[in-house]
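Engineer: Just passing along the structure, written as structure tokens.
Derivation of every value follows stated rules applied to the coordinates shown; laboratory data play no part. Quick caveat: nothing in here was measured; it's all calculated off a predicted structure. Counting neighbours? That spans all protein chains shown, and the Cβs are built from the backbone with ideal geometry, glycine included.
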Ligand code: NAP
């Protein structure tokens, strides 16, 4: 399917690895030029170079911590007025509800709520000016079904979800759609880190921790970054203009919901 975004510019933050990389690759595959970002310059350059070579699109890579205001300004300056924005950042660490202090919540809110909001605030006016734009925020299945050890994530992402619910309906009439993609477990470094924690806690191997988690998913496996990227690219496509303010689970059926 032609997604109708050939030649558009997409800013994809936190995209040298994992789900962000999956989105960047799928958008490049549809012909979008990219601005990619991550903190580590080396992995970012490798990812950007591979995308240039495979898809022949222009890729600008900006090594920066997207949660830092000054660094974020550099990323936004490189992106100019993007047509497409995919927001992403690392997730907060796991822990116990009774251990988290104010500073832990502030860090989580900065990373997973206020950073995507700042990115939207910076990019959406340009999209409105052009009468066309697409925003996809990578959030989490924790928005629909809380994950106990990820209380910081549950909290921060709920705040972003509320913001998107209202804001998406305010800008839809100007050709801009904002939606959230909610990953369940996907095969990325983040999954390895979560499984390592579970393995340590249960005194089992990493492979056993993964097998136990896979057994809880109706699809009986982890998602891939290519599957995730394809869904993201569709939401960023010309065909998705009537999808507004939605929270779309990509979780292999893990969240047991009727609606
Ligand atoms: P990942 O494999 O660890 O990749 C994270 C990417 O983001 C890397 O490119 C990393 O590069 C970059 N990054 C992290 N923090 C950043 C920052 N402050 N500024 C700029 N770049 C940053 O993680 P993932 O699995 O793709 O997860 C992406 C998001 O989805 C996270 O918020 C995670 O909590 C959420 N999520 C993931 C899953 C899953 O199963 N994978 C499930 C639910 C939710 P650098 O380290 O070099 O910066």
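Engineer: Given the Cα-Cα distance of residue 96 and residue 6 and 0.36 nm per residue of separation, how much length would full extension add, in nm? Could the numbers behind the result be given before it?
Structural biologist: Values: separation 90, 0.36 × 90 = 32.40 nm, distance 4.56 nm.
The span from residue 96 to residue 6 would gain 27.8 nm if fully extended.
Engineer: Could you state the angle between the C-alpha long axis of helix 115-130 and the longest principal axis of the C-alpha atoms of the chain, as a value from 0 to 90 degrees rounded to the nearest 10?
Structural biologist: Its long axis makes an angle of about 20 degrees.
Engineer: Please give the length that would be gained between residue 192 and residue 246 if that part of the chain were fully extended, namely 0.36 nm times their separation in residues minus their C-alpha to C-alpha distance (nm, one decimal).
Structural biologist: 16.6 nm
Engineer: Using label points projected 7 Å from each Cα along Cα→Cβ, tell me how many nm separate residue 103 and residue 74, to one decimal.
Structural biologist: Taking the simple label geometry, residue 103 and residue 74 are separated by 2.5 nm.
Engineer: Report, in deg cm²/dmol and to the nearest 500, the calculated mean residue ellipticity at 222 nm for the chain, where each DSSP H run with n ≥ 4 adds -39500 (n - 2.57) and the sum is divided by the residue count. Walk me through the numbers before you get to the answer.
Structural biologist: Details: 9 runs with 118 residues, N = 259.
Counting only the DSSP helices, I get -14500 deg cm²/dmol.
Engineer: Another question about this same structure. Where the centre of each part is set by its Cα atoms, how far does segment 218-239 sit from segment 121-199, in angstrom?
Structural biologist: Cα centroid to Cα centroid, the span is 14 Å.
Engineer: Here's something else I'd like to know. Between 182, 206, 109, where does the largest GNM mean-square fluctuation fall for the chain, given springs only between Cα atoms within less than 10 Å?
Structural biologist: 206
Engineer: What residues from segment 171-210 fall in the zone where the backbone N is under 11 Å from a label point 7 Å along the Cα-to-C-beta line of residue 227?
Structural biologist: Answer for this model: 184-187.
Engineer: Can you give the FRET efficiency to the nearest 0.05 for residue 170 and residue 147, using r as the Cβ-Cβ distance and R₀ = 45 Å?
Structural biologist: Details: r = 30 Å, r/R0 = 0.67.
Efficiency at R0 = 45 Å is approximately 0.90.
Engineer: Additional query: Would you work out if segment 100-143 is rounded, prolate or oblate? Take a ≥ b ≥ c from the square roots of the eigenvalues of the alpha-carbon gyration tensor; rounded if a/c is under 1.5, else prolate when a/b is larger than b/c, oblate otherwise.
Structural biologist: Working: a/c = 6.38, a/b = 2.17, b/c = 2.94.
Oblate is the answer for segment 100-143, as a/c is 1.5 or above yet b/c matches or exceeds a/b.
Engineer: Okay, moving on. What's the FRET efficiency of residue 259 with residue 53 using the Cβ-Cβ distance as r and R₀ = 45 Å, to the nearest 0.05? Don't skip to the answer; put the middle values down first.
Structural biologist: On the way: r = 43 Å, r/R0 = 0.96.
Step by step, r from the Cβ atoms, then E = 0.55.
Engineer: Separate question: Which of rounded, prolate or oblate describes segment 30-121 when judged by the alpha-carbon gyration tensor and an a/c cut-off of 1.5?
Structural biologist: Details: a/c = 2.59, a/b = 1.93, b/c = 1.34.
In terms of gyration-tensor shape, prolate.
Engineer: Expressed as an acute angle from 0 to 90° and rounded to the nearest 10, what is the orientation of the C-alpha long axis of helix 69-79 relative to the principal long axis of the chain?
Structural biologist: With rounding to tens, the tilt is 50 degrees.
Engineer: Mind checking the full-extension length gain between residue 220 and residue 81? Use 0.36 nm per residue of separation minus the Cα-Cα distance, one decimal, nm.
Structural biologist: Gain in length upon complete extension: 45.9 nm.
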